[in-house]
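Written below as structure tokens is the structure these notes are about.
The values are calculated or read from the model by the stated rules, or taken from the named source; none is laboratory data. Owing to the predicted nature of the structure, the values given are computational and were not obtained by experimental measurement. Counting neighbours? That spans all protein chains shown, and the Cβs are built from the backbone with ideal geometry, glycine included. We work out accessible area using only protein heavy atoms, side chains counted, and drop any ligands, DNA or RNA first. Shrake-Rupley method; radii C 1.70, N 1.55, O 1.52, S 1.80 Å.
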Amino acid sequence: MKKIVLLLFLLSQIVNAKILTATYEVSFGIFQTMGIADARMEIKDDQTYTIHIDAKTTGIAKALSGNRIEIYESRGTVKNGKFIPDTYSKVRQTNSTKVTKIYTFDHSRKVVWKETIEGNDHSKEQYDFYANEDILTLFFNISQYTQGRQDKVLYAIGGSGKDGRIDVVFPNPKALKEMKKELETEDGDFLKVALNDRIFSSANGELLINLSRDGLCNKAVLEDVLFFGDIVGVRIR
């Protein structure tokens, strides 16, 4: 269920101590709803945080994928309004398999350790590269990087498998007009995010994103997926 990558971009910066929840519906081209994702962010009084996304397939996707479930979680601290991860984990589970990957950050040494758990197999190794945040914290921190609406190159665990690179692009007037038409709204802010990785044969995995005024994404579109058209994620509550 690689379309879950859409849902990793459906949250933005929240800097005050609070609990925030949202639910998203994912559809895939000619098909109807293929999955539901519940997202939750909590900052405690001691400035530790948890970001959690629980995604489940529905309908035909549930049957074809063997009841696939994906869980993403980031835990760490908030310092000066910035989310700094200690661990980032992802779980992919079906009726017959379960794979857990845990990334532990050693910021002082600029090292990330990766643990993989699958059945009775358990391995731990130094990850291929270091980044000071994961894909979830990056988008909570994104307003700190995009002041002045300048395009940015960012890096996060969970981004490109090669080096974690993620490109954030603010559309020019012509592109903005086209993006508003594609996303079917005039309200909020608009970004293009490139994961620099092929997702469902969609070139560089480019997402069109509409951020609402409350800091959450209302809609995201992964365009021109081979054979099927667009993958669309929409906030439903």
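May I ask you to give the solvent-accessible area per residue for region 106-197, in square angstrom, as obtained with a 1.4 angstrom probe? Spell out each step's value before the answer.
Working: 5280 Å² over 92 residues.
The answer is 57 Å² per residue.
What's the extension gain from Ser143 to Thr104 if we count 0.36 nm per residue and subtract their Cα-Cα distance?
On the way: separation 39, 0.36 × 39 = 14.04 nm, distance 2.46 nm.
Difference between extended and current length: 11.6 nm.
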(message) From the phi angles alone, apply the Karplus equation (6.51, -1.76, 1.60; θ = phi - 60°) to region 86-98 and give each ³J(HN,Hα) in whole Hz, x where the residue is Gly or Pro.
(response) 9, 9, 9, 9, 9, 10, 10, 9, 10, 4, 10, 9, 8
(request) Show me 88-94, 111-117 ranked by packing, highest mean number of other Cβ atoms within 10 Å first. (result) 88-94, 111-117
(request) Could you please state how large a percent of the accessible area of region 75-143 is carbon and sulfur, counting protein chains only and using a 1.4 Å probe? (result) 41
(request) Take the Cα of Thr21, step 7 Å along the line toward its Cβ, and report every residue of region 38-53 whose backbone nitrogen sits under 16 Å from that point. (result) 38-43, 50-53
(message) Just to check I understand the Karplus step: with θ = phi - 60° and J = 6.51 cos²θ - 1.76 cosθ + 1.60, what whole-Hz values come out for region 101-111, glycine and proline as x?
(response) 10, 10, 10, 10, 8, 10, 5, 5, 9, 6, 9
